[in-house]
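Visitor: Submitted below is the structure of interest, expressed as structure tokens.
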Amino acid sequence: MKLFTHLKEEVLGFITLLFPPLCPLCRNHNLDSFQPGLCDSCLAELKPLSSPFCTICSLPFEGPPGSDHLCESCLKNPPPFSGVTAYGIYTGLLREAIHHYKYEEAFYLHRPLGRLLAETVAKRLSPEPFDFIVPVPLHLNKLRERTFNQSLLLARTLAKTLQLPIEAQGLERTRPTLSQQGLKSEERKRNLKGAFSLNTEVKNRRILLVDDVLTTGTTARECSRILRKGGAREVHVAVLARAAKYL
Ligand SMILES: [Zn+2]
Ligand SMILES: [Zn+2]
């Protein structure tokens, strides 16, 4: 049996070498069999978020670069996090890449996408290091359905690239919640109320909270609120993509 398993692995490895996987976005270019990701031309097409945007939640604005300011939501209702660093806007090729990553079994995309986010975090934030990284958790039911937590895999790539510790179970989703998509602002808040619990010591810590996409920010606000309530000195949010308000 063991010999058979071994042979099967050898054969599969050989097939991968003969037929390297295709880039999931363009289906044109072959990828490295051992380190699949995105092809160079698709990677070059991804556009990083550019100024102007909200100085706290990174909501993109129209206008000339450099005119960053607070958005209405951050002004009226300041969030419990100190800021959001986003690699790009949730649109076009980046949105497609995230879709493949989450729903089309291209889970290996956590490496190239996570590295892009890590570079953005390193460039944008002050040199004072975070104490650790915490991913936004999935409820067990969702984890069984998807088989992996997209935020955790991203967080692991960030931890490795930025050489930071990670508290993978720092937050836990203690009850299942509805998808936030299509819910109104108040419904989103109600949907997440009491959904997270704290599993680790955060007193006086500076924490980097990692998620894949930030839409209205309700999830990031609720996770940050729990961390701050536990005594965290600062929570900064890192996401691959920030949704523009009207998509
Ligand atoms: Zn490609
Ligand atoms: Zn804002």
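Visitor: Among the residues that make up region 148-162, is at least one of them away from ligand 1 (no atom under 16 Å from the Cβ) and at pLDDT below 90?
Guide: yes
Visitor: Out of all the residues in region 80-116, which are closer than 15 Å to residue 39 by Cβ and among the acidic types (Asp, Glu)?
Guide: Hit for region 80-116 is 96, nothing else.
Visitor: If we keep just the residues of region 8-25 that are more than 23 Å from the chain's Cα centre (by Cα) and at pLDDT 70 or above, which is farthest from ligand 1 (Cβ to nearest atom)?
Guide: Top of the filtered list is 20.
Visitor: Which of the residues belonging to region 43-70 are closer than 25 Å to residue 217 by Cα, within 16 Å of ligand 1 (Cβ to nearest atom) and buried (at least 16 other Cβ atoms within 10 Å of the Cβ)?
Guide: 46 - this is the single residue of region 43-70 that is closer than 25 Å to residue 217 by Cα, within 16 Å of ligand 1 (Cβ to nearest atom) and buried (at least 16 other Cβ atoms within 10 Å of the Cβ).
Here's the yes/no breakdown for (1) surrounded by 11 or more Cβ atoms within 10 Å (Cβ to Cβ); (2) within 20 Å of the chain's Cα centre (by Cα); (3) on the phi > 0 side of the Ramachandran plot:
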| site | (1), (2), (3) |
| --- | --- |
| 173 | yes, yes, no |
| 179 | no, yes, no |
| 187 | yes, no, no |
| 191 | yes, no, no |
| 200 | yes, no, no |
| 204 | no, no, yes |
| 209 | yes, yes, no |
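Visitor: Which one is nearest to residue 97 (Cα to Cα) among residues in region 26-42 that are of a type outside the set (Ser, Thr, Tyr), more than 8 Å from ligand 1 (Cβ to nearest atom) and surrounded by 14 or more Cβ atoms within 10 Å (Cβ to Cβ)?
Guide: For region 26-42, the residue satisfying everything is 37.
Visitor: Among the residues of region 169-185, is any out of contact with any Pro (no Cβ under 7 Å at 6 or more places or on another chain), under 20 Å from residue 82 (Cα atoms) and modelled with pLDDT of 95 or more?
Guide: Checked region 169-185: at least one residue is out of contact with any Pro (no Cβ under 7 Å at 6 or more places or on another chain), under 20 Å from residue 82 (Cα atoms) and modelled with pLDDT of 95 or more.
Visitor: Could you grab me the full set of residues in region 109-128 that are surrounded by fewer than 18 Cβ atoms within 10 Å (Cβ to Cβ) and in contact (Cβ under 8 Å) with a residue 60 or more places away in the chain?
Guide: Within region 109-128, 125, 128 qualify.
Visitor: While we're looking at this one, here's another question. Go through (1) aliphatic (A, V, I, L, M); (2) farther than 27 Å from residue 51 by Cβ; (3) modelled with pLDDT under 95 and name the single condition residue 125 misses.
Guide: Of everything listed in (1) aliphatic (A, V, I, L, M); (2) farther than 27 Å from residue 51 by Cβ; (3) modelled with pLDDT under 95, residue 125 misses just condition (2).
Visitor: Same structure, new question: For region 85-137, give me each residue that is within 21 Å of residue 165 (Cβ to Cβ), under 14 Å from the mean Cα position of the chain (by Cα) and not in a helix (DSSP H, G or I).
Guide: 85, 133, 134, 135, 136, 137
The values are calculated or read from the model by the stated rules, or taken from the named source; none is laboratory data. Just so it is clear, the structure is predicted and the values come from calculations on it, not from any experiment. Every residue, glycine among them, receives a Cβ derived from its backbone with ideal geometry; neighbour counts consider all protein chains shown.
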